[in-house]
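The values are calculated or read from the model by the stated rules, or taken from the named source; none is laboratory data. Source: prediction; values computed, not measured. Every residue, glycine as well, gets a Cβ built from its backbone with ideal geometry; the counts of neighbours run over all protein chains shown.
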Amino acid sequence: MSAVPQRPGAEAVAEKGWLRAHKWLILRRISQIGILLLFLVGPWFKLWIVKGNLNYSYTLDFLPLADPYLLLQMLVAGQSPERLALIGVVIVLLFYLLVGGRTYCSWVCPVNLVTDLANWLRMRLGLKGGAHLSRSTRYWILGMTLVAAAVSGTIVWEMVNPVSMLHRGLFFGLGMAWAVILVVFLFDLFVMRHGWCGHLCPVGAFYSLIGKLSVTRVRLPQREACNDCMDCFAVCPEQQVIRPALKGIGGTPPVIMEENCTNCGRCIDVCSKDVFKFGSRFGISGN
Amino acid sequence: MDNESKTKGQAGNASRRQFFADTARMACGVGLLGLGLGLYARHATALPPAAIRPPGALPETEFSAACIRCGMCVRDCPYDILHLAKPEEPMSTGTPYFVARQAPCEMCEDIPCIKVCPTGALDHSLTDINKSRMGLAVLIDQETCLNFLGLRCDICYRVCPVIDKAITLEPMSNARTGKHALFIPVVHSSDCTGCGKCEKACPTEIAAIKVLPMYMAKGQLSAHYRLGWVEKEKAGGSLVAPDAEHQYNLPEGMRYEHGGKGLTADPAAPESAAPVLPKAFQGGRL
């Protein structure tokens, strides 16, 4: 043990090599940036692989995808979708039921790139502390957006939603959306660690509801190998999800069943003991 | 034993109190946020007059609920006239609009923007573009309209895709010169689609004819108003009193045709075809 505190994951890099200690992070960035590029080659090169944005998109004139949270807001505001949007919402729901609800947050959502950067900078600058807010705040905001949609008869949240504002803005013109994104960035950097994605965002809160039932999970087949280095806690954007499964609190099986795990896989990367790996929710007793 | 249960009870009490305090704090905070958002929404859903929705758009309040801001209409517009509202623009963020003076709707017969809309925000039952009502053209400034000034500009009339129905030219006498005609462009709401081609084409520095959202452009009669001539036609005759033919008290051999030839000698008169003085004037006696 060296006296100088190491950056989380240093042990894993030493043990497994840099590439293996960053495997899921790299794949995740490829996914996030790749999805943005798929949307961008349309307006940039008039190569229309996919049209639309995360709210609703149409790929290769064949595959409709629609955001279930947005359609829910539309329904409570008293309007109904057409056939393609209905098909799209079913596909999206099934997809995230398979890969994990908040997988949307860490593999698809463009705001994650911004908040991850804020968090990285926060770590490098050694910024500590900040405001405290319950992680359940996002569910209150989720409820509020639905009530507001029902009362006002319009999709109120879409007027300020940084997620769709950024994604739409990148392909249709950003306008002042950059200022909104800057506020999210600065909030995460200076005011609250994992503030936006981990405490406030109702989009993530909605996808976490899908995550209650989703199949793909982080499993801990070798949790007894844990040497309490705390690296996984340091990198996890939803730290509260790890402890029960890692420590077997109250007989919790070695699989992270918490709905707010974003399946980012960073814990798998930084663990030098290979405690974590991706798997399914089924066959808990088998491990 | 007693003491223990007491402290337990106190602890339960305290945690319950904490729970209620936390819940109240959260409800108030998020409620306040919701209120602010709702009030902002009230402002932001009022469509500015220069922004025209694509064809088939629902009325504004319903539109802002049905539109999911995906931009598919923008993508499938072959003339790239549509934009999505940016956050700083004074309307629902991410909703589509066009500005007629920059680029009007080209009125595609297959209406691709409606076809691609994944919700009912653009009404899929609209299949005839001539039946769309994106807004209503209004000749808003008679002081600068070249036709009103006596020229034969006629551009708005010429470019109108529903020519001679949505805009007609109505001749009027030019009171200023006393001998020329004015050809006044008149917009008819029964046929104007609000495409904005007239506004785009108007050659004045600032367009004298503009497309406005329907709610600004169109008046409405009170519900109890009846148009006499319409009711008369429906009933097949006068509803008030039977029409009596007007009797003119005219000298013999003369007749008067209202709205026609005016005062003439009656050709059926038995005497000569030339106008004959009435008896009273003959012979210089009364």
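The residue list A:7, A:29 contains one member that is modelled with pLDDT of 90 or more, farther than 25 Å from residue B:70 by Cβ and among the charged types (D, E, K, R), which is A:29. Could you please let me know if residue B:54 is in a loop (DSSP other than H, G, I, E, B), more than 10 Å from chain A (Cβ to nearest Cβ), out of contact with any Lys or Arg (no Cβ under 9 Å at 6 or more places or on another chain) and not small (Gly, Ala, Ser)? Yes; evaluated as a whole, the condition is true for this residue.
Scanning the range B:207-225 for residues that are closer than 16 Å to residue B:100 by Cα and of a type in the set (A, V, I, L, M) turns up B:207, B:208, B:209, B:211, B:212, B:214, B:216, B:217. Taking the range B:51-82 as the range and being farther than 20 Å from residue A:74 by Cα, under 23 Å from the mean Cα position of the chain (by Cα) and crowded, with 20+ Cβ neighbours inside 10 Å as the test, the residues that pass are B:52, B:55, B:81, B:82.
When A:141, A:181 are checked against the criterion of being more than 20 Å from residue A:79 (Cβ to Cβ), touching a helix residue (DSSP H, G or I) at 6+ places or on another chain (Cβ under 9 Å) and more than 7 Å from chain B (Cβ to nearest Cβ), a single residue qualifies: A:181.
When you scan the range B:197-207, do you find a residue that is among the acidic types (Asp, Glu) and over 23 Å from residue B:59 (Cα atoms), even just one? Within the range B:197-207, one or more residues are among the acidic types (Asp, Glu) and over 23 Å from residue B:59 (Cα atoms).
Of the helices (runs of 4 or more DSSP H) contained entirely in the range A:1-78, those carrying at least 1 residues that are touching a residue at least 40 places away in the same chain (Cβ under 8 Å), at the interface with chain B (Cβ under 10 Å from one of its Cβ atoms) and over 22 Å from residue A:170 (Cα atoms) fall at A:68-76. Looking across the range A:1-54, just one residue is out of contact with any helix residue (DSSP H, G or I) (no Cβ under 7 Å at 6 or more places or on another chain) and among the hydroxyl-bearing types (Ser, Thr, Tyr), and that is A:2.
Only residues that are charged (D, E, K, R), under 20 Å from residue B:198 (Cβ atoms) and in contact (Cβ under 8 Å) with a residue 60 or more places away in the chain were counted across the range B:103-123, and they come to 1. Within the range B:124-149, residues that are farther than 18 Å from residue B:201 by Cβ sit with their Cβ atoms under 8 Å from residues that are of a type in the set (Lys, Arg), at 6+ positions apart or across chains, in these pairs: B:124/B:115.
Just to be sure, is residue A:88 without any contact (Cβ under 8 Å) to a residue 60 or more places away in the chain and either more than 14 Å from every other protein chain (Cβ to nearest Cβ) or not in a helix (DSSP H, G or I) (or both)? So residue A:88 fails the test. Mind listing whichever residues of the range A:101-152 are under 29 Å from residue B:64 (Cα atoms), surrounded by 19 or more Cβ atoms within 10 Å (Cβ to Cβ), in contact (Cβ under 8 Å) with a residue 12 or more places away in the chain and small (Gly, Ala, Ser)? If the condition is that a residue be under 29 Å from residue B:64 (Cα atoms), surrounded by 19 or more Cβ atoms within 10 Å (Cβ to Cβ), in contact (Cβ under 8 Å) with a residue 12 or more places away in the chain and small (Gly, Ala, Ser), then A:101, A:149, A:152 are the ones that fit. Restricting B:108, B:113 to residues that are among the hydrophobic types (A, V, I, L, M, F, W, C) and assigned to a loop (DSSP other than H, G, I, E, B) narrows the list to B:108.
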